[in-house]
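S.K.: Questions regarding the structure given below will be posed in turn.
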Amino acid sequence: MSPEDGGPPVEVYRRYLESGRLGFQRCAGCGAAVFYPRVLCPVCGSSDLAWETSSGRGVVYATTAVYRREDDPYNVVLVDVEEGFRMMSRVEGVPAEEVEVGARVTLRLDLTDDGPVPVFVPEGEGP
Ligand SMILES: [Zn+2]
């Protein structure tokens, strides 16, 4: 199945990832970019949400290093993606404490046992 075949929003989102793309929704009612995928627009309540593919480019809005007892810290970020939505992810390729608010980042899909997971890398280091 391709993402365009429809179905529950989380299923469509997963198929986008499996096809190597970050999908999000755009509300036909008010124009809001909608992420995480859902059935109704959280801004205006419209159910008329159309899928689009993100460029994967964004800016770090917030970052936190999470420290672990016996391992390197990892980070959790909120990224403002250029199409106008914000998503929680992590930045790879730099030490967790050195991710800066305002840094430009690019999407990378990491393959895991649970399928592709969207993470970000500093701009210029993506595929
Ligand atoms: Zn809307």
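S.K.: Could you list the residues of the stretch 85-127 with an amide nitrogen less than 13 Å from a label point located 7 Å from the Cα of Arg57 in the Cα-to-C-beta direction?
M.R.: 104-107, 123-126
S.K.: If you take the charge dipole of the stretch 29-99 about its Cα centre, with +1 on Lys and Arg Cβ and -1 on Asp and Glu Cβ, which of Ser47, Pro95, Val79 is farthest toward its positive end?
M.R.: Most positive-ward Cα: Ser47.
S.K.: So, one more: Which value, in Å², gives the accessible area per residue of the chain when a 1.4 Å probe is used on the protein heavy atoms?
M.R.: 58
S.K.: Evaluate the relative contact order of the chain (contact order divided by residue number), counting alpha-carbon pairs under 8 angstrom at least 6 apart; express in whole percent. The partial results should precede the final answer.
M.R.: Working: 266 pairs, mean separation 24.0, N = 127.
Reported as a whole number, the value is 19 percent.
S.K.: Heavy atoms of the protein only, probe of 1.4 Å, neighbouring chains included. What is the accessible area of Leu111 in Å², nearest 10?
M.R.: Approximately 150 Å² of Leu111 is accessible to the 1.4 Å probe.
S.K.: Something else now. What dipole magnitude, in Debye to the nearest 20, does the chain give about its Cα centre under +1 on Lys/Arg Cβ and -1 on Asp/Glu Cβ?
M.R.: On the way: 12 positive and 21 negative charges, 77 e Å.
The dipole of the chain has a size of about 380 debye.
S.K.: Could you work out [θ]222 nm for the chain from helices alone, using -39500 (n - 2.57) per DSSP H run of at least four and dividing by all its residues? Round to the nearest 500 deg cm²/dmol.
M.R.: -2500 deg cm²/dmol
S.K.: Oh, and also: Gaussian network model of the chain, Cα springs within a sub-10 Å range: biggest mean-square fluctuation belongs to which of Asp114, Asp80, Asp72?
M.R.: Maximum among the listed residues: Asp114.
S.K.: Let me ask something else. Do you know the relative contact order of the stretch 3-53, to the nearest whole percent, from alpha carbon pairs under 8 angstrom that are 6+ apart?
M.R.: Relative CO of the stretch 3-53 lands at 32 percent.
S.K.: OK, next. If you roll a 1.4 angstrom probe over the protein chains with everything in place, what fraction of the accessible area of the stretch 57-122 belongs to carbon and sulfur, to the nearest %? Spell out each step's value before the answer.
M.R.: Details: 1870 of 3990 Å².
Whole-percent figure for carbon plus sulfur exposure: 47.
S.K.: Okay, moving on. What are the extents of the Cα atoms of the chain along their three principal axes, listed from largest to smallest and rounded to whole Å?
M.R.: 45, 30, 29
S.K.: Turning to a different aspect of this structure: Report in % the part of the accessible area of the stretch 3-53 that belongs to carbon and sulfur, leaving out ligands and nucleic acids; probe 1.4 Å.
M.R.: After summing per-atom areas, the C and S share lands at 52 percent.
S.K.: With θ set to phi - 60° and the Karplus curve 6.51 cos²θ - 1.76 cosθ + 1.60, what are the ³J(HN,Hα) couplings of the stretch 17-30 in order, to the nearest whole Hz, using x for Gly and Pro?
M.R.: Each residue of the stretch 17-30 in turn: 4, 5, 8, x, 10, 9, x, 9, 10, 10, 7, 6, x, 10 Hz.
S.K.: Still on this structure, I have one more. Between Val10 and Asp48, with labels modelled 7 Å along Cα→Cβ, what's the label distance in nm to one decimal, could you check?
M.R.: 2.8
The values are calculated or read from the model by the stated rules, or taken from the named source; none is laboratory data. If you're wondering where the values come from, they're calculated on a predicted model, not measured in any experiment. Cβ sites come from the backbone with ideal geometry, for glycine too, and all protein chains shown count toward neighbours. Quick note on the areas: whole protein, heavy atoms, side chains included, nothing else; ligands and nucleic acids left out. Shrake-Rupley method; radii C 1.70, N 1.55, O 1.52, S 1.80 Å.
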